[in-house]
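The values are calculated or read from the model by the stated rules, or taken from the named source; none is laboratory data. Since we're looking at a predicted model, the values are computed, not measured. Positions of Cβ are generated from backbone atoms using ideal geometry, with glycine treated the same way; all protein chains shown enter the neighbour counts. Protein only, heavy atoms only, side chains kept; ligands, DNA and RNA dropped before computing areas. Shrake-Rupley method; radii C 1.70, N 1.55, O 1.52, S 1.80 Å.
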2 protein chains.
Amino acid sequence: MGRARGAGKLAIIAGRDALPRRIAEAERAAGRPYLVVSFEGLTQPWMADHPHEEHRFEKAGRLFAALRRAGVEAVVFAGAMDRPRLEPWRFDIGAMRIAPRVLALLRRGDDGLLSGLGAILEAEGFRLVAAQDCLPDATEGAGWPTVARLGETARADARRASAILAALGPLDVAQAAVVAEGICLGIEAIEGTDALLARIAELPEAKRGARPSGVLVKRPKPGQDRRVDLPAIGPRTVEGAARAGLLGIAVEARGAILLDRDATVAAADRAGLAIWSADPSDLGP
Amino acid sequence: MGRARGAGKLAIIAGRDALPRRIAEAERAAGRPYLVVSFEGLTQPWMADHPHEEHRFEKAGRLFAALRRAGVEAVVFAGAMDRPRLEPWRFDIGAMRIAPRVLALLRRGDDGLLSGLGAILEAEGFRLVAAQDCLPDATEGAGWPTVARLGETARADARRASAILAALGPLDVAQAAVVAEGICLGIEAIEGTDALLARIAELPEAKRGARPSGVLVKRPKPGQDRRVDLPAIGPRTVEGAARAGLLGIAVEARGAILLDRDATVAAADRAGLAIWSADPSDLGP
C-alpha cells in the first residue's frame, strides 16, 4: 500500500458516500500530507475539519494550478460522483484546453467519465492512485466474512447476475444486478444500488417470486480501470438487500470496496444474509 | 394474415394488457371461431362476453383435452404473463408429463418461459400463431407516425439503448432501455416498462440531466421467437415517457405491438413526443 500511495501530498477528489472521509482520516492518522477537493454541490460539513478546497469543473485551470501550488503529487477519486452540470460560459483557460475531452467524456457512461478525468489528471502530471490502495481494509479477500453462506441455487443466481454485468461491461453500463431463482429482478443503470434494492422490495409478489431468494451482485466492469469507481457496498446496502428479501450479496474478491467492513458484516449477520467475496472464477466469465 | 391465422378455431391464451381482448373482438367481428383461455388469477370481466374457459397450469392435461374437444387448431399467446405460482401437488397426468420441461422453463427468463410453452403446445399438435398475425394493424412499418421526429442526438441515444438490449438478448433479459444524452437512465428487468418510466420520472435532477432528453427503446431480443412476447407500447407507455421527460420512443418496425395504434400516436402528438418505428439497420446491430 505504501508504494501505491506514495510519499507526496495526496489530493482526495471527494464524491458522495463515506469513502473520501475515511481516506482523509486515514491520511491524517498516518501523518501524511493530503488535501480534500470537492466540487461545488458536493461539499460536506466534515470537510471543514480537514485541509479542503472547493473547486468548479468549469475552472479546471484554476484547479490544476491550485493542486500544483499545494504540492499535490497524487490524486485519488473517492465516492460516487454524478455527471457535473456544466456551465460552459464559466470555463477558464485550463478548462477550455481540456473541454473537448471532457465534453466527449460526458457523453459516455459513468465509468468512462471518471476514468477519463483520471487520464486528464495524469496528463497534467498527477499520479492516479486507487482508493483501495489508500485504505488497507477497504477490500475483502476471497471467502465468506458472514456466518451465512449461499447455497447452490443462490450461487447460480450470482453467476447469472454476473453474466448480465459482463455482457453490459463493454457498453460501460451497470455494476449491479439482482437475480432470484433464475429471473433477473433488476439491473442498475444510473439510479444507484439503494434505489435498485428499494424497487425490488416493492415488486408485486407475482413478479418477485418466493422470499427469501436471490442475490445482489456488484462487480467491476470487465476491463475497467480499477483505480477509479470500484463498486462499493456498506451497511445500507445490506439493509436494502434484507428489505428486498434477498439471501445475500456477492462481490468479486478485492473487486469491491466495503465502506465500513465490520459494520457491513455485522449488519449481514444480524439479518441472516450472506456476503460472498468470490474468487472471480467462481462468478463465471 | 389470413394464411398465418388459418381457418380453424383459435385459442387465445390471455395474459394482461388490452391485446387478448382486441384479438377476441377481431375474431368475433370476422366471424371466425375462437376460444379465450385464461389461467387462474388472470381472468378478467371482459372475457364473460366471449367463449371462455379458465384453466390452471397444474391441470395442463385437462387444458390440452379441452382444447382438442373444443376443436382448437391454433394457439396465440397475447398479453404479458408473469411466472405462474405452481402448486405441484395439484398437477394432473398431462401436467406431470410436461412437468420436467415446464419446471426447467421456469428457471429461465420471461421469454424462455413463453417460447417454451409455445413449443410444448406445438408438440401437443397445436399450431402457434403470432398475435401480430391476428391483428392487421398491431405493428407499424418503418417511419414516423408522429408529428415530432427525433434529432441526431436522440437517434444516437436510441442506438445506444438498442446496443444495450442487444448485449442482454442472449441472456434472455430486457426488452426496454432508456438512454439520454449518452447516459443509460434505466434498463427494464422484470418490473415492466411502466415501472421503468415511473422511476426515471423520479430520478434526481443531478442524475437525470437536462429535460426533455432521452429515448425509450423497446425491441425484441435478438433471435427470439417473434410469435411470442413481442414488445408492446400503448397510450400508457407514451404518458409514462412524457412524465419521464423523454423526447420519444423507438421501436423496431414490425417488431413491436402498438396496443391501440391511433390512441398511442394521438397521445404522443399531444405530448410532443416522437415515435420512431425504425428500420432495424437504423438502430444498429
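So here's what we get for this one:
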{"read-out": "Compactness of the protein assembly as shown as Cα Rg over 2.2 N^0.38 Å, two decimals", "value": "1.08"}
{"read-out": "Shortest-first nm distances, A:Gly61 label point to equivalent points in other copies (7 Å, Cα→Cβ)", "value": "8.3"}
{"read-out": "Rule-of-thumb Rg ratio for region B:119-195 [Cα; 2.2 N^0.38 Å; N residues]", "value": "1.46"}
{"read-out": "Residues of the protein assembly as shown: accessible area per residue with a 1.4 Å probe, Å²", "value": "39 Å²"}
{"read-out": "When the convex hull of its Cα atoms is projected in every direction, mean area for region B:183-243 (nm²)", "value": "4.7 nm²"}
{"read-out": "Alpha carbon centroid spacing (whole Å) that separates region B:133-155 from region A:129-148", "value": "50 Å"}
{"read-out": "Apportionment of accessible area to carbon and sulfur, chain B, percent (1.4 Å)", "value": "53 percent"}
{"read-out": "Average beta carbon contacts from partner chains per residue of B:154-163, 10 Å cutoff", "value": "1"}
{"read-out": "Listed residues A:Leu117, A:Leu216, A:Leu259, most fluctuating in chain A (Gaussian network, C-alpha, under 10 Å)", "value": "A:Leu117"}
{"read-out": "Residue of A:Gln175, A:Gln132, A:Gln44 that the Gaussian network model of chain A assigns the largest fluctuation, springs spanning Cα pairs under 10 Å", "value": "A:Gln44"}
{"read-out": "Nm distances between copies for A:Ser281, ranked from closest, using label points 7 Å along Cα→Cβ", "value": "4.6"}
{"read-out": "Share, in percent, of DSSP beta bridges within region A:101-259 that are antiparallel, nearest 5", "value": "55 percent"}
{"read-out": "Relative contact order (percent, whole number), chain A, Cα cutoff 8 Å, 6+ residue spacing", "value": "18 percent"}
{"read-out": "Nearest-first distances (nm) between copies at A:Pro212, label 7 Å from Cα via Cβ", "value": "4.5"}
{"read-out": "Protein-protein interface of region B:187-234, residues with accessible area decrease of at least 20 Å², isolated chain reference, 1.4 Å probe", "value": "B:Ile187, B:Ala189, B:Ile190, B:Glu191, B:Arg199, B:Leu203, B:Glu205, B:Ala206, B:Lys207, B:Gly209"}
{"read-out": "Percent antiparallel among DSSP beta bridges (both partners in chain B, rounded to 5)", "value": "25 percent"}
{"read-out": "Cross-link table A:Lys218/B:Lys218; A:Lys207/B:Lys218; A:Lys207/B:Lys9; A:Lys9/A:Lys218; A:Lys218/B:Lys207, entries beyond 23 Å C-alpha to C-alpha", "value": "A:Lys218/B:Lys218; A:Lys207/B:Lys9; A:Lys9/A:Lys218"}
{"read-out": "Cα-Cα separations in region A:240-285 greater than 13 Å, expressed as whole percent", "value": "58 percent"}
{"read-out": "Inter-chain shielding of B:168-175 (mean C-beta neighbours from other protein chains, 10 Å cut-off)", "value": "5"}
{"read-out": "Theoretical ellipticity at 222 nm over chain B - DSSP helices of four or more residues, -39500 (n - 2.57) apiece, nearest 500", "value": "-11000 deg cm²/dmol"}
{"read-out": "Charge sum, other residues only, whose C-beta stays under 15 Å from A:Ile275's C-beta, Lys/Arg counted +1 and Asp/Glu -1", "value": "-2"}
{"read-out": "Size descriptor, Kirkwood hydrodynamic radius, that averages inverse alpha-carbon separations across chain A, Å", "value": "19.6 Å"}
{"read-out": "Test item: Cα-centred dipole of the protein assembly as shown, Lys/Arg +1 and Asp/Glu -1 on Cβ, debye", "value": "480 debye"}
{"read-out": "Summed buried accessible surface, chains A and B, 1.4 Å probe, nearest 100 Å²", "value": "3200 Å²"}
{"read-out": "Inter-part distance where region B:248-278 and region B:196-242 are each reduced to a Cα centre, Å", "value": "12 Å"}
